[in-house]
Amino acid sequence: MSGPLLQVSNLVVDFDTQDGVVNAVRGIDLCVAKGETVGVVGESGSGKSQIMLAIMGLLDRNGRASGAVRFDGQEILGLPNRRLNTIRGNRSAMIFQEPMTSLDPCYTIGDQVAEPIRFHRGASAAQARARVLDLLAQVGIPDPEEKIESYPHELSGGQRQRVMIAMALANEPDLLIADEPTTALDVTIQAQILELLAELQARYGMAIVFITHDLAVVRHISDRVYVMEAGVVVEEGATKTIFANPTHDYTKMLLAAEPSGVKHPPEPDAQTVIEAAHVDVIFSSRTGLLGFSKTRNVHAVKDISLRLRQGQTLGVVGESGSGKSTLGRALLQLLPSAGEVRYEGRALHGLPERDLRPLRREMQIVFQDPFGSLSPRMTVGEIVTEGLLVHEPRLSRSDRERRADEALLEVALDPSMKRRYPHEFSGGQRQRIAIARAIVLKPRFILLDEPTSALDRSVQVQIVDLLRDLQQTHGLSYLFISHDLSVVRAMADEVMVMKDGALIEQGPTEAIFQAPKTDYTKALIAAAFDLKTAA
């Protein structure tokens, strides 16, 4: 291997906040050779993403970086955007953690993937379209000819992440910085993406910096690993050496962290909270222009029935686009659907919004993408207390502040952080803010849509324990949507497996994991196990 392609020396990243200066990165060194894959791991807030944002010149306005960053021998730290843009998107590219906030909602995915191709290569519209179709197929987007005309909101979270990967790979960069690129993907697609990246790396000699909290992914893909804690590198070395013989206590803790245990089962005579019968969701859209337009129907949820009791957790698993999130939103009456949904025996279909609003306090949701669901114009304290203003308007300001402090403490965040804004937090910290916003109202039912997908393993363990404790204390009912089967196993009493909008298997959690009946469920479980045990 020749090198280095990327050389980082004594990098410091600081942020000016209302609470003073935050030292996000404190004098780290990092080296990446041409064709090498380097993993950067650590808990949320350890500074790993801020390193790469500094390298790419993408820090927020209140951030500043010092030190040295040399790309292929050229110093790039502090270069003006005009000069950086000859490198960014061409010789170096970045896949961001949160695709919904990185994709423009006003443009089709085809136009967005084509943009760097046309900008850097001067390709014609026809050439760019052909390249986009090839890229979408490579990253596992179904029906590329159809999806190329879709907008980001029409895709699942996993599909949006794959579009971001296609965009980053468009010009076959020398350096690919991947910031949690498989966070939103189910295990089967995750394995495909990792194989794709490895194939492209071998073909083009591309170097990859892989930022993740998923140690199984790092073990599977990287040559070397940097372990970060609180803005510093505490251990580095060959991947096999780090996993076989870690020397730092922090690294040992990360490797040992894994959601485990079994939740307390609901009472045998527990009341039914949510009940659904024959739920169907069909999305219709028009494609084409003027007289050549046609209607396209997508049957996203097909004849799903379920029952969720007080204190019970029903896990919903399946590949991206299987209809999991759409089912959850249909239960909460957040989108049109057919069939019947009852909350505590009361039919929800057809209820006017004025009658639904009082029930929404009792039926909360935690979204998959925390950055997209948190207002960038509001402080954390304002975000967490917003629901109290709507549903408990008689509370005094001091009582709202107290409730917000309690909720933040429950999700392992310091209440003193409530004057900060979402962009000042890591992805995992933002997800905990979203959970605090849901639990502050003390609901009875929570739809958890990938609530741990942005969290590192050690924090996942804490959040799983927290959710189980809250459920046991308050008799909460959860619909737990996730592609992380180890988390589902630790959280759920029963599991539903969905594919292409339909229910293909359901049963007690251990029965599903120990003796799956369908080939599809067997493939999901096998993919998860293979990735975790890969050397």
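General observations
- Each 10 Å bin from zero up to the one holding the largest Cα-Cα distance in the stretch 100-235 carries the following percent of pairs: 11, 41, 33, 12, 2.
- Hydrodynamic radius of the stretch 383-462 per Kirkwood, over alpha carbon pairs, in Å: 13.2 Å
- Ellipsoid fit via the Cα gyration tensor, the stretch 195-301: semi-axes of 43, 32, 11 Å, each the root of five times an eigenvalue, largest first.
- The base-10 log of I(q)/I(0) for the stretch 173-222, evaluated at q = 0.21, 0.24, 0.27, 0.31 Å⁻¹, reads -0.71, -0.93, -1.15, -1.38 [Debye formula, identical scatterers on Cα atoms, solvent excluded].
- Over the stretch 20-125, all Cα pairs binned in 5 Å intervals from 0 give whole-percent P(r) values of 2, 9, 18, 21, 20, 16, 10, 4, 1, 0, listed from short to long.
- For the pair residue 68 and residue 406 in one chain, pulling the backbone fully straight at 0.36 nm per residue adds 117.5 nm over the alpha carbon distance.
- More than 14 angstrom apart: percent of Cα pairs within the stretch 444-503: 57 percent
- q = 0.10, 0.12, 0.17 Å⁻¹: log10 I(q)/I(0) that the Debye formula gives for the stretch 356-500, counting C-alpha atoms only: -0.32, -0.47, -0.95
- Evaluated with a Cβ-only charge set (Lys, Arg +1; Asp, Glu -1), the chain carries a dipole of roughly 940 debye about its Cα centre, given to the nearest 20.
- A Förster distance of 51 Å, applied to the separation of the beta-carbon atoms of residue 9 and residue 346, puts the FRET efficiency at 0.20.
- P(r), alpha carbons of the stretch 341-394 - 5 Å bins starting at zero, rounded %: 4, 15, 20, 21, 18, 15, 7, 1
- The residues of the chain present an accessible area of 43 Å² per residue when probed at 1.4 Å with all protein chains retained.
- Intensity falloff of the stretch 417-535 expressed as log10 I(q)/I(0), Debye formula with alpha-carbon point scatterers, at q = 0.20, 0.21, 0.23 Å⁻¹: -1.20, -1.27, -1.39
- 22 Å Cα-Cα threshold exceeded, pairs from 499/522; 252/522; 324/517; 302/324; 324/522; 263/302: 252/522; 263/302
- Relative to the Cα centre, the charge distribution of the stretch 190-301, modelled as +1 at Lys and Arg Cβ and -1 at Asp and Glu Cβ, gives a dipole magnitude of about 640 debye.
- Over 34 Å [Cα-Cα, the chain], rounded percent: 39 percent
- Couplings 3J(HN,Hα) for the stretch 430-441, derived from phi with the Karplus relation 6.51 cos²θ - 1.76 cosθ + 1.60 (θ = phi - 60°), are 5, 5, 5, 4, 4, 5, 4, 4, 6, 7, 5, 8 Hz, where x marks Gly and Pro.
- Dividing the convex hull volume of the alpha carbon atoms of the stretch 15-73 by its residue count gives 96 Å³ per residue.
- Ligands, DNA and RNA left out, the accessible area of the stretch 68-187 computed with a 1.4 Å probe is 49% carbon and sulfur.
- Projected over all directions and averaged, the alpha-carbon convex hull of the stretch 73-175 occupies 6.9 nm².
The values are calculated or read from the model by the stated rules, or taken from the named source; none is laboratory data. These numbers come from a predicted model, not from an experiment. Note that each Cβ is placed from the backbone with ideal geometry, even for glycine, and that neighbours are counted across all protein chains shown. Note: accessible area is taken over every heavy atom of the protein model, side chains too, but ligands, DNA and RNA are not part of it. Shrake-Rupley method; radii C 1.70, N 1.55, O 1.52, S 1.80 Å.
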